[in-house]
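Inspection log for the structure reproduced underneath, given as structure tokens.
The values are calculated or read from the model by the stated rules, or taken from the named source; none is laboratory data. Here the structure is a predicted model, which is why all the values come from computation and not from measurement. FYI the Cβ positions are ideal-geometry reconstructions off the backbone, even for glycines, and counts take in every protein chain you see. In case anyone asks, the SASA skips ligands and DNA or RNA and just uses the protein heavy atoms, side chains included. Shrake-Rupley method; radii C 1.70, N 1.55, O 1.52, S 1.80 Å.
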Amino acid sequence: MKRQKLSIIGMPMDLGQMRRGVDMGPSAIRYAGVNERLKCLFEEIHDQGDIAIGRPEVQIDPKSNLRNLDLIAEKTEKLGEEVDKAIESGSFPLVLGGDHSIAIGTLAGVSKHYKNLGVIWYDAHGDLNTAETSPSGNIHGMPLAVSLGIGHPLLTNVGGYAPKVKPENIVIIGARSLDEGERELIKEKGIKVYTMHEIDRLGMTKVMEESITYLKERNTDGVHLSLDLDGLDPHDAPGVGTPVIGGISYRESHLAMEMLAESQIITSAEFVEVNPILDDKNKTATVAVALMGSLFGEKLL
């Protein structure tokens, strides 16, 4: 059965990190055929185009040492408004990144529509840093902490409220690169994490079964999927800014998306960190589009 409406929102922002090219991610994903791939799965698809980011110079906040703090707060506020409008109109919001700092805006727009939102963070990294724990000052390593209400108030208050998600409603899948401050925060908050050790040992089927059951048992009334392409192994997704070897395979990722489709728990999604400058013949964007197909219920038979 077809879903009703999909709103595609491009967020070509690279302000949360230092490698150029990820701002072209939405264009690469569209070039890889996202609209054509998903049109048979929805009654209506509305491509809202891209949110204007411009080409601002890098700004480092003198107090916090965060890169592009004001600009990221401003642009993610705008993204939050667009996501909010999409949900109000009855559409499923699909956001195309852009670096992972865009999740600050996506979750700001999503969470206000749910009393007990769940989040699946499919990523090699935890993105749980703050200005105090970040080795780089890059905000793309902070969006999950920000969404928990931890971090600079300009970021945590995007959308006019905080927090956006409770720590017990988060599942991180695919982690294999965590900074010390992130490990401490995970333990302190009791965040559920499936590292590559658990994926290898249990298998992706068990990991997804447990993740889906875990979020259902917490009575979540919606679940947001935030998928960073660096969650996959660089062999399958080379076009990312912070690749980490030993990641989730292409086939395992399809299985994960297929199981989420069958569960029918996902109510919003974003695919981030596609960088065509670092890619091989748009391979990573093509992988992203294929995974979207599985997420939305595409089947071989």
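Listing for the model above:
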quantity: The stretch 150-161, residues that are surrounded by fewer than 24 Cβ atoms within 10 Å (Cβ to Cβ) and under 17 Å from the mean Cα position of the chain (by Cα); calculated: Thr156
quantity: Hits in the stretch 190-200 (condition: more than 16 Å from Leu215 (Cα to Cα) and touching a helix residue (DSSP H, G or I) at 6+ places or on another chain (Cβ under 8 Å)); calculated: Glu198, Ile199
quantity: Residue that is touching a helix residue (DSSP H, G or I) at 6+ places or on another chain (Cβ under 8 Å) and of a type outside the set (A, V, I, L, M, F, W, C), where the choices are Gly151, Gly137, Gly203; calculated: Gly151
quantity: Residues (of a type in the set (A, V, I, L, M, F, W, C) and closer than 19 Å to Val119 by Cα) located in the stretch 176-207; calculated: Leu178, Leu185, Ile186, Ile191, Val193, Met196, Ile199, Met204, Val207
quantity: Selection status of Ala103, small (Gly, Ala, Ser), open to solvent by less than 10 Å² (accessible area, probe 1.4 Å), within 23 Å of Ala261 (Cβ to Cβ) and at pLDDT 95 or above; calculated: yes
quantity: Candidate set: the stretch 200-216, residues that are over 18 Å from the mean Cα position of the chain (by Cα) and closer than 19 Å to Leu144 by Cβ; chosen: the one surrounded by the fewest Cβ atoms within 10 Å (Cβ to Cβ); calculated: Tyr214
quantity: Candidate set: the stretch 217-240, residues that are out of contact with any Ser or Thr (no Cβ under 8 Å at 6 or more places or on another chain) and open to solvent by 10 Å² or more (accessible area, probe 1.4 Å); chosen: the one nearest to Lys112 (Cα to Cα); calculated: Asp221
quantity: Whichever residue in the stretch 265-300 is under 22 Å from Met208 (Cα atoms), hydrophobic (A, V, I, L, M, F, W, C) and in a loop (DSSP other than H, G, I, E, B) and, among such residues, is modelled with the lowest pLDDT; calculated: Leu300
quantity: Test: residue in the stretch 229-241 that is out of contact with any Pro (no Cβ under 9 Å at 6 or more places or on another chain) and at pLDDT below 95; calculated: yes
quantity: Extreme residue, nearest to Met257 (Cα to Cα), among residues of the stretch 152-165 that are outside any loop (DSSP other than H, G, I, E, B) and not hydrophobic (A, V, I, L, M, F, W, C); calculated: Thr156
quantity: Among the residues listed as Leu94, Leu71, Leu66, the single one being among the hydrophobic types (A, V, I, L, M, F, W, C), under 21 Å from Thr242 (Cβ atoms) and touching a helix residue (DSSP H, G or I) at 6+ places or on another chain (Cβ under 9 Å); calculated: Leu66
quantity: Counted residues, the stretch 241-258 - those being open to solvent by less than 40 Å² (accessible area, probe 1.4 Å) and either over 16 Å from Ile277 (Cα atoms) or without any contact (Cβ under 8 Å) to a residue 12 or more places away in the chain (or both); calculated: 8
quantity: Hits in the stretch 25-39 - residues which are closer than 24 Å to Lys299 by Cβ, out of contact with any Phe, Trp or Tyr (no Cβ under 8 Å at 6 or more places or on another chain) and open to solvent by less than 80 Å² (accessible area, probe 1.4 Å); calculated: Arg30, Ala32, Gly33, Val34, Asn35
quantity: Scope the stretch 197-208; condition closer than 16 Å to Ser253 by Cβ and not aliphatic (A, V, I, L, M); matching residues; calculated: Glu198, Asp200, Gly203, Thr205, Lys206
quantity: Residue count, the stretch 166-180 (criterion: part of a helix (DSSP H, G or I) and open to solvent by 20 Å² or more (accessible area, probe 1.4 Å)); calculated: 3
quantity: Checklist (1) modelled with pLDDT under 95; (2) under 21 Å from Asp230 (Cβ atoms); (3) touching a strand residue (DSSP E or B) at 6+ places or on another chain (Cβ under 9 Å) applied to Ser134, failing item; calculated: (3)
